[in-house]
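Presented below is the structure to which this report refers.
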Amino acid sequence: QVQLVESGGGSVQAGGSLRLSCAASGSIFSINAMGWYRQGLGKEREMVATLTSGGSTNYTSSVKGRFTISGDNARKTVYLQMNSLKPEDTAVYYCNAELKRRAWSTWGDYWGQGTQVTVSS
């Protein structure tokens, strides 16, 4: 079994900050990348930020300069520091990991249960 456990969501006013954390545990051989996605009410899930095991990052344009993704490979943990939050950042944020459970396995996508982020104006 693989588990992704998120923490750090909550409610803040516009301009505030939150830090999300996600820890992967269970039967994991290797992680290729971890990241954060979000889904607003009535919207499709979208990529927010991703981080590869080699340290490469990717951000959706709307969060560049405001959000920072970082990680700890040894602890299989990824973080999302969110600054200058806006009401349009309100969504459920999901942690994602692309990983192998065994050396001979194919890469698979795993998801956390999600954590609510609410930004009020």
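The values are calculated or read from the model by the stated rules, or taken from the named source; none is laboratory data. Because the structure is predicted, anything quoted here is derived from the model rather than measured. So basically every Cβ, Gly included, is an ideal-geometry build from the backbone, and we count neighbours across all protein chains shown. Each accessible area value is taken on the protein alone, full model and side chains, heavy atoms only, with ligands, DNA and RNA left out. Shrake-Rupley method; radii C 1.70, N 1.55, O 1.52, S 1.80 Å.
Can you tell me the accessible area per residue over the chain, all protein chains present, probe 1.4 angstrom, in square angstrom? The partial results should precede the final answer.
Numbers: 6590 Å² over 121 residues.
Result: 54 Å² of accessible area for each residue.
Could you state how much accessible area L18 has, in square angstrom rounded to the nearest 10, with a 1.4 Å probe and all protein chains kept in place?
Solvent-accessible area, nearest 10 Å²: 30 Å².
Where in the chain is the longest stretch that carries no trypsin sites (Lys or Arg not before Pro) classed as loop by DSSP and with at most 11 other Cβ atoms within 10 Å?
Numbers: sites that count: K43, K64, R75, R102.
Segment 1-42 is the longest.
Considering only protein heavy atoms and a probe of 1.4 Å, how much of the accessible area of the chain is carbon and sulfur, as a whole percent? If you can, show how the numbers build up before the last one.
On the way: 2930 of 6590 Å².
The C+S portion of the solvent-accessible surface of the chain is 45 percent.
Straight distance only, please: which lysines reach the Cα of K100 with their own Cα at less than 23 Å, same-chain residues fewer than 8 apart left out?
K76
About the Cα centre, and with charges only on the beta carbon of Lys, Arg (+1) and Asp, Glu (-1), how big is the dipole of the chain? Nearest 20 debye, please. Don't skip to the end; give the middle numbers.
On the way: 12 positive and 8 negative charges, 40 e Å.
I would put it at about 200 debye.
State to the nearest 20 debye the size of the charge dipole of region 64-103 about its Cα centre, where the only charges are +1 on K and R beta carbons and -1 on D and E beta carbons.
Once rounded to the nearest 20, the dipole reads 280 debye.
For W107 and S70, compute 0.36 nm times the residue count separating them, minus their Cα-Cα distance, and round to one decimal in nm.
Separation in residues times 0.36 nm, less the Cα-Cα distance, equals 11.2 nm.
In terms of solvent-accessible area of protein heavy atoms at a 1.4 angstrom probe, what is the ranking of F67, F29, highest value first?
On the way: F67 10, F29 125 Å².
Output order, biggest surface exposure first: F29, F67.
What list of ³J(HN,Hα) values in whole Hz, one per residue of region 32-46 in order, does the Karplus curve 6.51 cos²θ - 1.76 cosθ + 1.60 (θ = phi - 60°) give from phi, with Gly and Pro shown as x?
Running phi through 6.51 cos²θ - 1.76 cosθ + 1.60 with θ = phi - 60° gives 8, 7, 10, x, 10, 10, 9, 9, x, 4, x, 10, 7, 5, 10 Hz.
Give the lysines whose C-alpha is closer than 22 Å to that of K43, dropping any in the same chain fewer than 8 places away, or say none.
Excluding near neighbours in sequence, the set is K64, K86.
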